[in-house]
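Since every read-out is calculated from the coordinates, none of them should be taken as a lab result. Note that the structure is a prediction, hence the values are computed from the model and not measured.
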Amino acid sequence: MDLFPPATCPRLIVKVGSALLVAPDGAVRRDWLATLVADLAARAAAGQQLVIVSSGAIALGARRLGLARGGRASLEDAQAAAATGQIALSQTWAELLAGHGLTAAQMLVTLDDLEDRRRYLNAAATLGRLLGLGVIPVVNENDSVATEEIRFGDNDRLAARIAQAAGAQGVVLLSDVDGLYDANPHTHPEARHIARVEQIDAVAGMADRGSASGMGSGGMVSKIAAARIATGAGAHLAIASGRRDHPLGDAARHTLFVADRIAPARKAWLAGGLTSRGCIHVDAGAARALAAGGSLLAAGATRIEGKFARGDLVTIEGPDGTIARGLSEYAADEALRLLGTRSDEQAALLGYAPRAALVHRNHLALL
């Protein structure tokens with residue numbers, strides 16, 4: 001079975017993990033990569049627009065610099081390795097794609113580039129223009145400037161966010177595993193493979209945090225998080241093994257996460273966010289109102305956490321956990337003063353006419 005054929009998936013994101021790209025000795029697995037590029041070229045010839053999300057810069061750079069622990073002994077080592085390895089990585093992709101008459105473009109992004117709405121729209125516009133020109137963008141996190149606090153940390157979730165920005169219909173996470181199991185297959189040989197997932201919450205507890213190779217930064221937890229982002233934006237996501245030549249040919253066993261109904265672009269961006277500046281806790285009545293499509297009113301808010309400004313992204317926590325993400329209409333100190341108040345009381349507290357809600361429904365996405 002062909003995973004995401006061009007006829008039904010005009011735009012496809014393909015993420016390639018470090019363990020597939022880089023051998024244990026730190027060299028590029030060029031022969032294998034050439035078979036993947038041949039698959040990509042065949043899809044491009046059939047009219048499919050492609051974006052590659054490529055890991056491997058830190059592993060490649062660590063080898064060239066002789067750094068311990070694959071360049072991950074410290075943040076400074078990882079940044080230096082990324083800066084060195086990214087040149088080799090992008091050159092390899094460009095050379096192999098050029099062999100099929102395809103042009104590559106490099107895009108390095110940070111978490112902030114996709115969490116800030118204006119910068120996200122700029123990235124989306126760049127992706128759209130490149131794809132319209134027939135170019136294949138090769139995307140990676142800009143690990144040379146990312147910090148431990150402000151980074152994706154794995155390219156699985158980055159791939160899902162890029163799918164959202166590009167308006168893709170499908171995401172393939174090529175990995176050293178062939179999908180999701182109900183237990184870790186490395187330690188439980190009897191583990192059962194799961195071929196199709198309709199409800200992510202039903203399988204979230206099966207995830208293992210470890211990277212099988214020890215080279216990458218992701219595990220099954222990051223892949224399920226990526227599936228949640230991608231499917232929420234209307235893109236199906238597959239986890240497939242890259243441990244064979246031509247991994248995008250006739251697909252072997254894999255796990256397919258089926259997309260939800262496509263959400264409006266702004267709502268999908270809000271729901272797929274990975275960071276927030278703060279949190280607003282609400283009571284059960286407010287949680288029910290939000291579930292019914294309402295705005296978050298101050299009367300239903302019970303507690304404020306964090307320091308955020310008006311327009312910052314916040315999470316909304318109900319009695320049973322996180323229920324939504326949205327853009328706050330107030331700074332944290334103002335929101336704190338409004339807790340539990342009715343709209344007719346707020347002007348006296350604020351000294352100006354209050355806004356309609358703490359978080360308006362137009363700037364809110366349920367999770």
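General observations
- Choice from Ala165, Ala309, Ala73 showing the highest fluctuation, given a GNM over the chain with Cα pairs closer than 10 Å: Ala73
- Helical contribution to [θ] at 222 nm, DSSP H n ≥ 4, -39,500 (n - 2.57), averaged over the chain, rounded to 500: -10500 deg cm²/dmol
- Gly234 long-range amide H proximity, modeled H, under 5 Å: Asp260, Ala263
- Across the range 324-335, rounded Karplus estimates of 3J(HN,Hα) from the backbone phi angles (6.51 cos²θ - 1.76 cosθ + 1.60, θ = phi - 60°) give 6, 10, x, 9, 6, 7, 9, 5, 4, 5, 6, 4 Hz, Gly and Pro being marked x.
- What the phi angles of the range 184-199 give under the Karplus curve with 6.51, -1.76 and 1.60, with θ = phi - 60°, is a coupling list of 5, x, 6, 10, 10, x, 8, 4, 9, 6, 10, 7, 9, 10, 9, 10 Hz, glycine and proline written as x.
- DSSP bridge analysis restricted to the chain gives an antiparallel fraction near 45%, rounded to the nearest 5.
- Amide proton proximity set for Thr255, modelled H, under 5 Å, gap of 5+: Leu180, Ile239
- Summary value for the chain: 15 percent relative contact order, contacts being C-alpha pairs under 8 angstrom separated by 6+ residues.
- Listed candidates (1) 21.7; (2) 22.2; (3) 21.1 - label of the one calculated as Kirkwood radius over Cα pairs in Å: (1)
- The range 286-307 and the range 103-127: distance between their alpha carbon centers, rounded to Å: 31
- Residues in the range 309-322 carry Karplus couplings, in order, of 9, 4, x, 6, 7, 10, 9, 10, 10, x, x, 10, x, 5 Hz; the curve used is 6.51 cos²θ - 1.76 cosθ + 1.60 with θ = phi - 60°, and Gly or Pro positions show x.
- When only Cα pairs below 8 angstrom with a gap of at least 6 residues are kept, the range 72-206 shows a relative contact order of 21 percent.
- Size-normalised alpha-carbon gyration radius of the range 26-168, reference 2.2 N^0.38 Å: 1.05
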